[in-house]
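Engineer: Quick one: structure below, then a few questions.
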Amino acid sequence: MKYRIRAIFVSLLVISLLTGCSFASTSNVAIEKSVQLDNNNDENTDKENNDGNGKGNENSSEVNTLASIAVADISQSSLAIGEEQDVNGLTIKVTNIREIADDYIKASKDKFIGVEVEITNNREEAIEITSLPQLSLIAADAKQDIALIDTKGTVDQTISPGKSIVGEIAFDSVTSDQYIFMFAESKDANILSWSFTDEDIKK
């Protein structure tokens, strides 16, 4: 009887040890697979990030290239200072370009550039002119900021039929070999443009 009990006990002990070893082996395999999956995911993520960065750089380069081409196209069709253009019943002329010196505010870029324009309303209804977003200045292939400083009259006015206004808008601008001043009544309207150089700016 004692031998039978001892045999049963030894058998249970052996079964327990074998079960434990099998579970440990299975756990180690599962852990190894989990680590491999994590490593693969990390590699895929790094690859996607690298691919994404590459595409982002390519897209950014394409945007800059398109912007340069667009500015070049506008420059070729631009008029000189003093010349006027007609569009949809409006006659617009750039009459003067000057560098503005402000006693209280300094330009955050290189200088303040004042663009004086004359606008005549040949329509049968009044037209409202707003400097933002209708008027803009391009320098070094980039749009420059409008400067809220004193100028020789504002262009932000309502023009009655058959009337004209003369106003000046100031820009905080970088120094460039060429500048392009543009007017667009709306985002879908034709763009009128005038080009000038740094030498054309009156000091």
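Engineer: In a strand (DSSP E or B), surrounded by fewer than 18 Cβ atoms within 10 Å (Cβ to Cβ) and touching a residue at least 40 places away in the same chain (Cβ under 8 Å): is that true of Glu99 in this structure?
Structural biologist: yes
To keep it simple, each residue is scored yes or no on (1) at pLDDT 95 or above; (2) in contact with a His (Cβ under 9 Å, 6 or more places away or on another chain); (3) within 21 Å of Ser78 (Cα to Cα).
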| site | (1), (2), (3) |
| --- | --- |
| Asp102 | no, no, no |
| Thr120 | yes, no, yes |
| Asp156 | yes, no, no |
| Pro161 | yes, no, no |
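Engineer: If you check Gly89, Gly52, Gly56, which single one turns out to be of a type in the set (Gly, Ala, Ser), out of contact with any Leu (no Cβ under 7 Å at 6 or more places or on another chain) and at pLDDT 90 or above?
Structural biologist: Gly89
Engineer: Would you point out which residue out of Ser193, Ser136 is surrounded by 13 or more Cβ atoms within 10 Å (Cβ to Cβ) and in contact with a helix residue (DSSP H, G or I) (Cβ under 6 Å, 6 or more places away or on another chain)?
Structural biologist: Ser193
Engineer: When you scan the stretch 145-203 for strands (runs of 3 or more DSSP E) that lie fully inside it, which ones turn up with 3 or more residues that are of a type in the set (Ser, Thr, Tyr)?
Structural biologist: Answer list for the stretch 145-203: 192-197.
Engineer: What's the number of the only condition in (1) in contact (Cβ under 8 Å) with a residue 24 or more places away in the chain; (2) loosely packed, with under 13 Cβ neighbours inside 10 Å; (3) under 21 Å from the mean Cα position of the chain (by Cα) that Asp188 fails to meet?
Structural biologist: Condition (1) is where Asp188 drops out.
The values are calculated or read from the model by the stated rules, or taken from the named source; none is laboratory data. Because the structure is a prediction, the values reported are computed rather than measured. When we count neighbours, we look across all protein chains shown, and the Cβ atoms used for this are built from the backbone with ideal geometry, even at glycine.
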